[in-house]
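A short write-up of the structure that comes next.
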Amino acid sequence: MTARKPLVLCLSGHDPTGGAGIQADIEAVAANGGHALSLITALTVQDSRNVRQVSPVPATLLLQQLQLLLADCAIAAIKIGLLGSAEQVPAIAEALAGLRLPLVLDPVLRAGGGADLSDMATVAAMRTHLFPRVSVLTPNVAETRRLVPRAGSDAECAHALLREGCGNLLVTGGDEAGAEVCNTWYRDGATPQHYRWPRLNETFHGAGCTLAAALAARLGRGEAMPEAILQAQRYTQSALQGALRVGRGRRIPGRLP
Ligand code: PLP
């Protein structure tokens, strides 16, 4: 008998440390019961401390890869992480138009090490072309503030992003201070739901990618949004508890057994 798994289309950058980006997606999707179809938006020069360079894949090449997969494979969910260039964004959006699939978008703006990962044109294109069809946006608190700099509170930031068309927001608090990590799920017309996790005494590289990819895999399996949001966080927390040291900087999530 042929085994079948939900196919999760992942568009992400490549991180040679294996902590973030496409490798995080492939591992997190596999650990959550799916199979990742992996498209690389950019190559990066980085180590476990910081990113030094982002080199985008040509939009035309990415589009060819995407169109061939879309014609061949019955995709169950999509996860988008780092976008390589503003040019890639409308091409991706156009290829995905008409697909009624869960789309998890992790708006990668800046690396944990401090380097900027997306230029303003790419962020603007992402807002225009992708936000209106996002099922769940997974920014961290700092990213929501950068996206909506004039908002007075975290909740105001979140609601402004919902108004741009994102169906749900899962705002992660791993990079904020405090004894607990507080993640918050926002959606229209519902009270925000907070999830609190014990803060681990470490810094991590690739936690956000892991969470977003796990969430896409769970939605691809047909899990309802509340369960998928909870289980993706549980999975990420346990991957952080089993984190690996691959270099002199931050640890990377232990995503596979
Ligand atoms: N490199 C790539 C390819 C990424 O996608 C990301 C984040 O999504 C990073 C680096 C930075 O990851 P972190 O902020 O967890 O260090």
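The values are calculated or read from the model by the stated rules, or taken from the named source; none is laboratory data. Only a predicted model underlies this, so the values are computations on that prediction, with no experimental measurement involved. Virtual Cβ from ideal backbone geometry, glycine too; neighbours counted across all protein chains shown.
Odds and ends about this structure:
- Qualifying residue in the range 145-152 (condition: within 18 Å of the chain's Cα centre (by Cα) and within 30 Å of Arg245 (Cβ to Cβ)): yes
- Any hit, the range 92-100, residues being of a type in the set (A, V, I, L, M) and either crowded, with 19+ Cβ neighbours inside 10 Å or closer than 20 Å to His205 by Cα (or both): yes
- Here Val104 clears all of (1) more than 30 Å from Leu244 (Cα to Cα); (2) in contact with a strand residue (DSSP E or B) (Cβ under 7 Å, 6 or more places away or on another chain); (3) buried (at least 18 other Cβ atoms within 10 Å of the Cβ) except the condition numbered (1).
- Options Ala228, Ala212; residue that is at pLDDT 95 or above, closer than 17 Å to Val136 by Cα, touching a strand residue (DSSP E or B) at 6+ places or on another chain (Cβ under 6 Å) and assigned to a helix (DSSP H, G or I): Ala212
- Within the range 166-193, the set of residues being within 12 Å of Ala155 (Cα to Cα), in contact with a Phe, Trp or Tyr (Cβ under 9 Å, 6 or more places away or on another chain) and either without any contact (Cβ under 8 Å) to a residue 40 or more places away in the chain or in a loop (DSSP other than H, G, I, E, B) (or both) comprises Leu169, Val171, Thr184, Pro192, Gln193.
- Listed conditions (1) more than 16 Å from the ligand (Cβ to nearest atom); (2) part of a loop (DSSP other than H, G, I, E, B); (3) among the small types (Gly, Ala, Ser) are all met by Ala30, apart from (2).
- From Leu62, Leu68, residue being farther than 19 Å from Ala213 by Cβ and assigned to a helix (DSSP H, G or I): Leu68
- Matching residues, the range 1-17, being more than 10 Å from the ligand (Cβ to nearest atom) and under 18 Å from Gly84 (Cα atoms): Leu9, Cys10, Leu11
- Given (1) over 17 Å from the mean Cα position of the chain (by Cα); (2) assigned to a loop (DSSP other than H, G, I, E, B), number of the condition Leu83 does not satisfy: (1)
- Here Ala24 meets the list (1) touching a helix residue (DSSP H, G or I) at 6+ places or on another chain (Cβ under 7 Å); (2) assigned to a loop (DSSP other than H, G, I, E, B); (3) within 15 Å of the ligand (Cβ to nearest atom) almost entirely, failing just condition (2).
- Residue match in the range 63-77 (condition: within 16 Å of the ligand (Cβ to nearest atom) and among the aliphatic types (A, V, I, L, M)): no
- Answer from Arg163, Arg133 - the residue that is of a type in the set (Lys, Arg), within 17 Å of the chain's Cα centre (by Cα) and away from the ligand (no atom under 15 Å from the Cβ): Arg133
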